[in-house]
Amino acid sequence: MKVRCLISLVFALVLSLAWLPVWSDDDEQQFPRNATFTTLITTPRAIEGLTGDNHGNLYIAGSVTVTTTPPTPCPVWKINLNKPTLITVGNIVPASGLSTCGFAGIALNDIGDVFVADGAGARIFSFTPNASNPPTVTAPFASGTPGANGLAFDEKGNLWASDGTTGRGRVWKITGPGANCTATPAVNCQEVFRIQPMANEVNIIFDATGTGVGGVGRDNRALPLGTITVTPTTRNAANTAGSQPLVANGLAFNKKGDLFNIDTARGALWKVEFDRHGKLKSPTGCDTTFTANTLCLSNIFVAHPILEGGDGIALDREGNIWVDANERNAVAVVTKDRKVIEVFRNPVNLPNPVAFGVGLRNAGDQSVGNNRILEFPTSPFLTGKVFCTSMSDGDRRDNSPRSAGEIDASGGTPTKNLGKISCMDQELKIPGLPLPID
């Protein structure tokens, strides 16, 4: 019996080591090992998407539930890396009756105009940033984009947007202003493909209110918000909280024109290819229980537990894809040859249950400080040799409870800020992909 237990222990140890990133000499030359982060700035509003220009400026939009009537516009800020202060360069008016700014993706086009996705309002806004006279924007650049999340421009200037929060996996190509992606027919917009959702919509049973229950597939849950009850003889999921259906999240093009999408629920990175005319080349329609434009699973570039909770992505000049794994409070890189390397993950807190909790990764220990940790990183941005990321303090997995740390989006501590941007202390050994921005 002792021999059998020893063999089982060795086998378990081998399996656990198999998930650890294995560093080679080549990796040492390309990616920072044992990276550290320092807070650049905190924000009084929740933030998610992050972008920048070629002059050391970052751009971020401040989200909030607005309670004033009429609703107060929500700001878009510019932050200079050398003098990090929040400079308002534009204001966006929330949707009428919604009174919420739910900003996610943000991007700049080749002339420096800002594009901001408001998934809660199913709209995308655009404006020319102006620090001296910030414009107030009311009319959307595109509408009919429920759950609009990741944004990216292709080489022809078309804007691509992912439908993140609805879990349907839609990805739209928007070709001009005044777009409406869900109109019949769509205007200046095309739903090009879908990332395969976690569950399909067959076998749905509707009740008297029109609410459907059913489907075939699976449902990932994060702990917290979901919980598990454990006894000496059972392990039981006690509720359905913490569902994670998001499959179409951060988008980014490489130099060849391939589009990458990070799949939050699966911890997977999808690669989507097009022919020389811009027509979708990647195979679709492998599962007839999904829509015909749903990508086949063969389009997954890599899937790995390190990428679970993957949110935003950014590419460097060699085609490596940097990933914010928000639920794990971690940053990873997927090399162009599909190797997955974890560059940073919050250290475990000191075992002080009064100040920090026991064995969690949601706050810094006393020797490190909260300005040295990540708190639900959402959107990476590479500017030259500098890596920065925004944080939204989401209440999931490693970052729960979110009341700990430097920021607090729970609303329980009014004196804390709701978001922050941190930058890696080490320089990137491979600079970020050059931007076509003045």
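The values are calculated or read from the model by the stated rules, or taken from the named source; none is laboratory data. A quick note: this is a predicted structure, and the numbers were derived from the prediction, not measured. Neighbour counts run over all protein chains shown; Cβ positions are idealised from the backbone, glycine included. Remember, those area values only see protein heavy atoms, side chains included, never the ligands or the DNA or RNA. Shrake-Rupley method; radii C 1.70, N 1.55, O 1.52, S 1.80 Å.
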Fill in: Residues located in segment 51-77, provided they are at pLDDT 95 or above, open to solvent by 10 Å² or more (accessible area, probe 1.4 Å) and within 17 Å of G384 (Cβ to Cβ)
T51, N57, Y59
Worksheet item: If you go through segment 170-187 one residue at a time, how many are under 25 Å from S243 (Cα atoms) and either modelled with pLDDT under 95 or basic (K, R) (or both)?
Response: 1
Practice prompt. Return the total of residues in segment 286-316 being modelled with pLDDT under 95 and in contact with a Leu (Cβ under 6 Å, 6 or more places away or on another chain).
Written response: 0
Worksheet item: Looking at L350, L374, L382, which one is touching a Phe, Trp or Tyr at 6+ places or on another chain (Cβ under 8 Å), modelled with pLDDT under 80 and of a type outside the set (F, W, Y)?
Response: L350
Worksheet item: In segment 88-132, what residues are of a type in the set (K, R) and under 13 Å from C74 (Cα atoms)?
Response: none
Discussion item. For segment 202-223: of the residues being of a type outside the set (D, E, K, R), closer than 23 Å to D287 by Cβ and not in a strand (DSSP E or B), which is most open to solvent (accessible area, probe 1.4 Å)?
Written reply: N203
Worksheet, complete the sentence: Scanning segment 364-397 for residues that are assigned to a loop (DSSP other than H, G, I, E, B) and either touching a Cys at 6+ places or on another chain (Cβ under 9 Å) or within 19 Å of N54 (Cβ to Cβ) (or both) gives G384, K385
Response to the item:
Residue hits (segment 160-193; farther than 11 Å from G144 by Cβ and polar (S, T, N, Q)) are S162, T165, T166, T175, Q190
Item to complete: Check off (1) part of a loop (DSSP other than H, G, I, E, B); (2) modelled with pLDDT of 75 or more; (3) within 16 Å of A117 (Cα to Cα) for L98 and give me the number that stays unchecked.
Response: (2)
Practice prompt. Might you let me know whether segment 381-396 holds any residue that is touching a Lys or Arg at 6+ places or on another chain (Cβ under 6 Å), of a type in the set (A, V, I, L, M, F, W, C) and open to solvent by 10 Å² or more (accessible area, probe 1.4 Å)?
Written response: no
Practice prompt. Considering each residue of segment 413-438, count those that are over 30 Å from K256 (Cβ atoms) and either open to solvent by 60 Å² or more (accessible area, probe 1.4 Å) or among the basic types (K, R) (or both), and give that number.
Written response: 5
Discussion item. Quick check on segment 236-257. Is at least one of its residues open to solvent by 60 Å² or more (accessible area, probe 1.4 Å) and farther than 28 Å from A303 by Cα?
Written reply: no
